[in-house]
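Contents: one structure, followed by commentary.
The values are calculated or read from the model by the stated rules, or taken from the named source; none is laboratory data. Because the structure is a prediction, the values reported are computed rather than measured. In this analysis, Cβ positions are derived from the backbone assuming ideal geometry, glycine residues included, and neighbour counts consider all displayed protein chains.
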Amino acid sequence: MEYKYEKLTDKIYVCASSDHRFGTDAFLLADFSQYRRKDMACDLGTGCGIIPLIMQKKMPPKVTYAVDIQEGAIEQLRLGMERSETEGIVPICADLKVLWPDAPLGRLDLVTCNPPYKAVNAGFQSVITAQKIARHEIMCNIDDVCAAAEKLLKYGGRLCVCNRPERLSDVMAAMKAHNIEPKRLRMVSKSPEDAPWLFLIEGKKGSKSFMKIEPQLYIRSGDGFSDELKRIYDTGKEQE
């Protein structure tokens, strides 16, 4: 396995590979989550740990459990942490459907998840097992994610996820089925002329029904990145 270290800051590096990579959606989700210094957080299906590592760039949560079922993903996170200055990240190799023996049930302020976007039999499936797991609902689906979040979150705790627009009704239904009320929604488009390719949604455990629709987020402006993406991404290049 070949590893490549991607620099987030002078003190934060992500260990990426062909099996466990990251894209712009991870940066968008980390920013959308509005994580706080006092939070106890968890990133489900963390992959190479990109979201917990992004959160290290400014006032990271008090603790962030970084959970993935694949040992290779957790190993990459550990390699990234070895090269970085990190605080409060706890790598955990576990199945989110059963969590782990000492999981902080009912105690977390924030759960994030960049889940598999495609249903198990939908679309092109990569021949690489790790990529199949990342892209298709093979090891878990959105209902499993929401069920895990319901167990982990305290009352009023927040679940933030991203997904493709065609899955919006599935995500909202799964949230509601697990006592997580959708509260905030933002669509993401490449430009004002393009239809959304991603949505970001926040739900609160035990909350009453009321949803805020936020202004659309645009990735590009003219021939370059939008000012908002520059703020979110905070580097001069786009990841593949």
Could you check residue 61 against (1) in contact with a helix residue (DSSP H, G or I) (Cβ under 7 Å, 6 or more places away or on another chain); (2) assigned to a strand (DSSP E or B) and say which number it fails?
(2)
Residue ID - farthest from residue 189 (Cα to Cα), chosen from residues in segment 1-22 that are basic (Lys, Arg) and assigned to a strand (DSSP E or B)
4
Given (1) under 22 Å from residue 53 (Cβ atoms); (2) at pLDDT 95 or above; (3) within 16 Å of the chain's Cα centre (by Cα), index of the condition residue 115 fails:
(2)
Which count do you get for residues in segment 23-38 that are closer than 20 Å to residue 96 by Cα and part of a loop (DSSP other than H, G, I, E, B)?
1
Pair list, Cβ under 6 Å, 6 or more apart: segment 154-170 residue among the basic types (Lys, Arg), other residue crowded, with 21+ Cβ neighbours inside 10 Å and in a helix (DSSP H, G or I):
none
Write out, first by first residue and then by second, each pair whose Cβ atoms fall under 6 Å of each other, whose residues are 6+ apart or on separate chains, and whose first residue, in segment 79-94, is under 24 Å from residue 108 (Cα atoms) while the second is small (Gly, Ala, Ser).
89/66; 91/66
Report, ordered by the first and then the second residue, all pairs with beta carbons closer than 6 Å, sequence separation of six or more or different chains, a first member in segment 11-35 that is without any contact (Cβ under 8 Å) to a residue 60 or more places away in the chain, and a second member that is part of a loop (DSSP other than H, G, I, E, B).
17/1; 17/3
Does any residue of segment 36-44 turn out to be farther than 13 Å from residue 108 by Cβ and of a type outside the set (D, E, K, R)?
no
Does segment 5-25 contain any residue that is buried (at least 19 other Cβ atoms within 10 Å of the Cβ), within 11 Å of the chain's Cα centre (by Cα) and at positive phi?
no
